[in-house]
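Taking it in order: structure first as structure tokens, then the write-up.
Read-outs: derived from the displayed coordinates by stated rules, not from any lab. Owing to the predicted nature of the structure, the values given are computational and were not obtained by experimental measurement. Cβ placement follows ideal geometry from the backbone for every residue including glycine, while neighbour counts extend to all protein chains displayed.
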Amino acid sequence: MSDANSTTSDNSPPAILYRRRVRYSGKNPRRFEEKYKEHDPQRYADTVAKVLASGKTPAGTHRPIMVAEILAVLAPKAGELVVDCTLGYGGHAQEILARLQPGGRLLGLDADPVELPKTEARLRAAGFGPEIFTAIRSNFAGLPQVLAGLKLSGADCVLADLGVSSMQIDDPSRGFSVKSDGPLDMRMNPQRGFPASALLEKTSSAALAKLLQENADEPRSNGLSVALAKKSFSTTNQLASAIRAALPRLGNEDCGLTVRRVFQALRIAVNDEFSALDMLLRHLPMCLNPGGRVAILTFHSGEDRRVKKSFEAGLRDGIYADITQEVIRPTPEERNSNPRSSPAKLRWARKVVS
């Protein structure tokens, strides 16, 4: 009996071990750090072209806004000195540099130690050597010190694009956006100051309500400040979820706008952007040569009000010979092809000749 059972057991088919099929994660990586095409746009030019044609900005790059309008109001000429106070990806600078030769020079300022070396390398590769292009790590509030350090009396043109660059928005490690979860940081210069998470932890409800009103015109600032002040949020998604939880009756679209306004308000506070802009506007006249031109791109009402009032005061005081009469906005075509340009406003001023 035992032999028969043994024979039957030996002749039975072997047991089959089933394993769960590995879930297909898709052919395209999801994490920004793994998107090799985004980090090498020149190698994958076709991919970048498709993204641009769809009206989007390829991650890790930046599309300069209102280039034609800025070139028209600044009118850079051969031999002139131009300062790009917010170098960013270098799109505006590259167009201006092409118009300064022969004999011209551009100074590119940027406080971001992560992106500045990349942009400098990009412009060097485009043929702009150190004799015509100088990259300087500095906040635009330091413009007078930069000119003095280079023994320059003034510039013929000054440009300031006050928007956050797409490279910063798209990189989750910088904490500027909720597109991908990342640390709640928002510092333009990660080597200085305190992140947005620390700001929220130490800010009182009353102070936070005032901050949301002044920096973003947030209509629900009082209720939000109670929900967010003195709280600990380590990531962007944690903060966004808390904002949405504080507004349970608000529709998705309006709630999304509120999330963006809160992030904007915190970013401005973390980087002390209004103080830096006020300092730039105060020192601009002494940084411009006679007849010098300045163009400033703003992206929300708090910035635009400051620029408008400063230019109007300069015109009344005889510092500026002419200023923007009507704010200049992106064309419908640009807004359609580059939605990130939609909130932009351009104002300019021209210093008196004598």
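Work through the residues other than residue 137 whose Cβ is under 12 Å from its Cβ and net out their charges, Lys, Arg +1 and Asp, Glu -1.
So the environment of residue 137 carries a net charge of -3.
For the stretch 218-354, compute the number of Lys pairs whose alpha carbons are separated by less than 19 Å, excluding pairs fewer than 8 positions apart on the same chain.
4
Counting just the Cα atoms, what span does the stretch 70-191 cover along each of its three principal axes? Round to the nearest Å and put the largest first.
46, 27, 26
At a 10 angstrom cut-off on C-beta neighbours, averaged per residue, how do the peptides 264-271, 322-329 rank from highest to lowest?
Going by the mean number of other Cβ atoms within 10 Å, highest first, we get 264-271, 322-329.
Normalising by the residue count of the stretch 78-201, find the relative contact order in percent from Cα pairs under 8 Å and 6+ residues apart.
After rounding, I find 25 percent.
I want the local charge near residue 156. Using Cβ-Cβ distances under 14 Å, sum +1 for each Lys or Arg and -1 for each Asp or Glu among the other residues.
+4
May I ask for the distance between the Cα centers of the stretch 303-320 and the stretch 239-263, given as a whole number of Å?
The distance from the Cα centre of the stretch 303-320 to that of the stretch 239-263 comes to 35 Å.
Please give the net charge around residue 195, taking every other residue with its beta carbon less than 12 angstrom from that of residue 195, where Lys and Arg add +1 and Asp and Glu add -1.
Neighbour charge sum, excluding residue 195 itself: +3.
In whole Å, largest first, what are the principal axis extents of the Cα atoms in the stretch 155-235?
46, 28, 24
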